[in-house]
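The block underneath contains the structure these notes are about, expressed in structure tokens.
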Amino acid sequence: MKEVPIVVLDFGSQYTQLIARKLRENGIYAEIYPYNESIENIKSKNPKGIILSGGPASVYSKDAYHPDSEIFKLNLPMLGICYGMQLITQHFGGVVIPADHHEYGKAELHFDSECEIFKNSDDGQIVWMSHGDRVDMLPDDFDKIAYSDNSPYAAIANIEKNIYAFQFHPEVYHSKQGSQLLSNFAKLICGCEKSWNMGSFAKNSIQAIRDKVGDKKVLCGVSGGVDSSVVATLLHEAIGKEQLVAVFVDQGLLRENEAKQVQDMFKSRGINLITIDARDIFLNRLKGITDPEEKRKIIGETFIEVFDKEAQNHDGIDFLAQGTLYTDVIESVSVKGPSKTIKSHHNVGGLPDWMSFELIEPLREIFKDEVRELGLEIGLPKDMIGRHPFPGPGLAIRVMGEVDDDALRLLRKSDTIMQEELKASGYYDKVWQAFTVLLNVQSVGVMGDNRTYDNTICIRIVESVDGMTATFATVPYELLERMSSRIINEIDDINRVVYDISSKPPSTIEWE
Ligand code: XMP
């Protein structure tokens with residue numbers, strides 16, 4: 001049985017996987033389990049420490065999630081984060097109360113004592129708070145080790161027992177030194193050694209695919225994006241050309257020239273690519289549909305159907321490989337814990353019963369930037385790796401309202417212009433993602449001496465490290481001006497361009 005140095009129990013936070021990810025960054029392997037994982041299974045991993053994640057519930061509510069209380073008797077180092085802190089407090093006899101107001105956003109963390117867990121990090125560092133309840137009275141034998149303006153107990157500990165708890169989220173990007181704090185917990189408190197890197201991940205993934213697939217065939221959906229290209233390359237390495245059936249579905253929701261670019265790229269890598277022209281099926285099914293979730297569901301189901309049909313043209317296919325990322329999983333369904341559904345991503349959620357494939361998802365546990373690192377590790381070219389993410393449902397979720405040829409035409413043209421300007425300015429490689437959205441809004445304009453009543457294009461450019469949180473990019477006004485004037489001048493039917501200045505959360509990156 002594989003040993004897991006750090007076991008993370010998931011109580012439903014949107015950020016749980018970031019905990020494992022930050023630990024990986026520090027060379028520490030961690031696995032996530034549901035909050036109610038059996039104590040026997042946890043013990044069998046021989047962990048050196050346990051982390052209790054955050055979560056949306058209140059420890060006192062009827063539907064609060066509680067772990068097997070035996071975990072507190074294992075005498076292992078423990079770190080509770082947000083909800084995890086409240087669980088620790090409650091378990092050891094302290095008091096948790098609802099806060100007068102939800103504390104949400106950045107706070108300055110001030111140390112009360114010189115703890116190992118704060119080593120090599122700064123007093124006054126910025127941390128990210130996101131909580132309703134808070135600790136009101138400490139359990140016996142616990143000390144307050146840090147505070148913030150609004151949280152007198154921002155961090156507490158029973159140092160003798162190696163139990164620590166943070167009210168803030170060290171795992172999110174906005175907690176600037178959070179990665180150091182998690183590393184301190186794993187290395188200094190739990191005694192973990194640095195033993196994980198992307199090279200070992202690639203090797204293990206390739207071997208795991210080989211072991212799982214044997215002499216069977218794998219159907220692999222490719223989109224031309226980084227994720228599916230990395231998956232196809234891993235498969236190619238693992239099982240070779242004969243056992244890999246790579247399928248590219250043109251669902252009619254791609255950007256300008258995208259289908260051709262994808263075909264060329266795979267050809268150059270010696271991977272056989274079957275292209276299916278399914279434009280009509282998708283666009284017909286999307287007729288009259290305006291609800292975002294309905295669009296996503298239709299696209300997801302149609303994808304699976306088209307794949308299944310293609311699979312039947314080949315003998316001996318037992319597996320379907322997908323480039324599902326952790327961000328897709330966490331925002332869709334809770335696979336490992338009780339997180340809430342935000343959007344149903346088209347490429348996750350499991351396969352319907354009537355399909356006879358087993359899934360292979362080598363990227364399911366990792367994040368976009370880790371996929372890029374993995375891509376470089378297995379020899380994909382830099383410009384391929386640098387491509388912005390493109391969602392499975394494609395342009396459909398960038399057209400507000402009904403998706404039809406006209407809407408797609410406007411979106412494609414505006415997107416092409418925007419991308420050209422972004423690349424020319426050098427900003428393409430500096431931002432996480434950039435795209436245009438066709439709003440379902442007409443407005444009045446004037447061209448020459450005439451009144452116009454035309455469509456609005458929104459430009460969305462964001463910075464992010466993992467797609468989980470994002471801020472709008474502060475690109476130069478001159479660049480936005482060039483994009484706007486070209487879009488309005490070169491595309492009939494558009495007379496207004498706006499820039500999206502919202503961050504995630506509370507918005508999401510895509511509009512639907
Ligand atoms: P949101 O809109 O959820 O997007 O903030 C986060 C990141 O995920 C991409 N995205 C998707 N990727 N299938 C995908 O493969 C999908 O259904 C999907 N929806 C959003 C989005 O482009 C962003 O990078």
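The values are calculated or read from the model by the stated rules, or taken from the named source; none is laboratory data. Since the model is a prediction, treat every value here as computed from it, not as a measurement. Note: ideal-geometry Cβ built from the backbone for every residue, glycine included; neighbour counts use all protein chains shown. Protein only, heavy atoms only, side chains kept; ligands, DNA and RNA dropped before computing areas. Shrake-Rupley method; radii C 1.70, N 1.55, O 1.52, S 1.80 Å.
Confirm whether Ile28 is part of a helix (DSSP H, G or I), at pLDDT 95 or above and either β-branched (Val, Ile, Thr) or not assigned by TED's automatic domain parsing to the domain that holds Gln167 (or both).
no
Could you list, in sequence order, the residues of region 250-264 that are in contact with a strand residue (DSSP E or B) (Cβ under 8 Å, 6 or more places away or on another chain) and either of a type in the set (Val, Ile, Thr) or over 13 Å from Val222 (Cβ atoms) (or both)?
The answer is Val262, and nothing else.
Out of the residues in region 265-286 that are in a helix (DSSP H, G or I) and among the basic types (Lys, Arg), which is farthest from Leu380 (Cα to Cα)?
Across region 265-286, the extreme among qualifying residues is Arg285.
Restricting attention to region 40-71, which residues are open to solvent by less than 30 Å² (accessible area, probe 1.4 Å) and closer than 16 Å to Phe11 by Cα?
Across region 40-71, the qualifying residues are Ile42, Ile50, Ile51, Leu52, Ser53, Gly54, Gly55, Ala57, Val59, Ala64, Pro67, Ile71.
Closer than 30 Å to Lys297 by Cα and among the charged types (D, E, K, R): is that true of Asp415 in this structure?
In short, yes.
Of the residues Ile304, Ile298, Ile289, only one is part of a loop (DSSP other than H, G, I, E, B), within 16 Å of the ligand (Cβ to nearest atom) and open to solvent by 20 Å² or more (accessible area, probe 1.4 Å); which?
Ile289
Which count do you get for residues in region 14-35 that are touching a Phe, Trp or Tyr at 6+ places or on another chain (Cβ under 7 Å) and not basic (Lys, Arg)?
5
Is there a residue in region 357-374 that is more than 14 Å from the chain's Cα centre (by Cα), open to solvent by 50 Å² or more (accessible area, probe 1.4 Å), away from the ligand (no atom under 11 Å from the Cβ) and at pLDDT 90 or above?
Yes, the conditions are met somewhere in region 357-374.
Criterion first (in a loop (DSSP other than H, G, I, E, B) and either modelled with pLDDT of 90 or more or surrounded by 20 or more Cβ atoms within 10 Å (Cβ to Cβ) (or both)) does Glu3 satisfy it?
no
From Lys336, Lys309, which residue is open to solvent by 40 Å² or more (accessible area, probe 1.4 Å), closer than 28 Å to Gln14 by Cβ and at pLDDT below 90?
That would be Lys336, the only listed residue that is open to solvent by 40 Å² or more (accessible area, probe 1.4 Å), closer than 28 Å to Gln14 by Cβ and at pLDDT below 90.
Just name the residue that is nearest to Phe307 (Cα to Cα) out of those in region 392-417 that are more than 15 Å from the ligand (Cβ to nearest atom), touching a strand residue (DSSP E or B) at 6+ places or on another chain (Cβ under 8 Å) and not polar (S, T, N, Q).
Leu408
If a residue counts only when it is more than 30 Å from the chain's Cα centre (by Cα) and in contact (Cβ under 8 Å) with a residue 12 or more places away in the chain, which strands (runs of 3 or more DSSP E) contained entirely in region 120-199 have at least 2 such residues?
125-137, 143-147, 155-158
I'm told Ser464 meets every condition in (1) modelled with pLDDT under 95; (2) at negative phi; (3) out of contact with any strand residue (DSSP E or B) (no Cβ under 7 Å at 6 or more places or on another chain) except one. Can you identify the failing condition by its number?
With respect to (1) modelled with pLDDT under 95; (2) at negative phi; (3) out of contact with any strand residue (DSSP E or B) (no Cβ under 7 Å at 6 or more places or on another chain), Ser464 is out only on (3).
Taking interchain pairs and intrachain pairs at least six residues apart, which have beta carbon atoms under 6 angstrom, with the first residue in region 439-461 and in the same structural domain as Asp415 (by TED's automatic domain parsing) and the second of a type in the set (Phe, Trp, Tyr)?
Gln442/Tyr453; Val444/Tyr453; Ile459/Tyr499; Arg460/Phe435
So, in region 6-25, how many residues would count as being of a type in the set (A, V, I, L, M, F, W, C) and either assigned to a helix (DSSP H, G or I) or free of Cβ contacts under 8 Å to residues at least 40 places away in the same chain (or both)?
Count: 4.
So in region 488-512, with the set limited to residues that are more than 16 Å from the ligand (Cβ to nearest atom) and within 31 Å of the chain's Cα centre (by Cα), which one is least open to solvent (accessible area, probe 1.4 Å)?
Across region 488-512, the extreme among qualifying residues is Val497.
Looking at Ala246, Ala278, can you tell me which residue is under 26 Å from the mean Cα position of the chain (by Cα), open to solvent by less than 40 Å² (accessible area, probe 1.4 Å) and free of Cβ contacts under 8 Å to residues at least 40 places away in the same chain?
Ala246
Counting just the residues of region 434-450 that are touching an Asp or Glu at 6+ places or on another chain (Cβ under 9 Å) and of a type in the set (S, T, N, Q), which one comes out nearest to Arg279 (Cα to Cα)?
By that ranking, first place goes to Thr436.
Quick one: how many residues across region 459-487 are within 28 Å of the chain's Cα centre (by Cα), of a type in the set (Ser, Thr, Tyr) and more than 15 Å from the ligand (Cβ to nearest atom)?
Count: 1.
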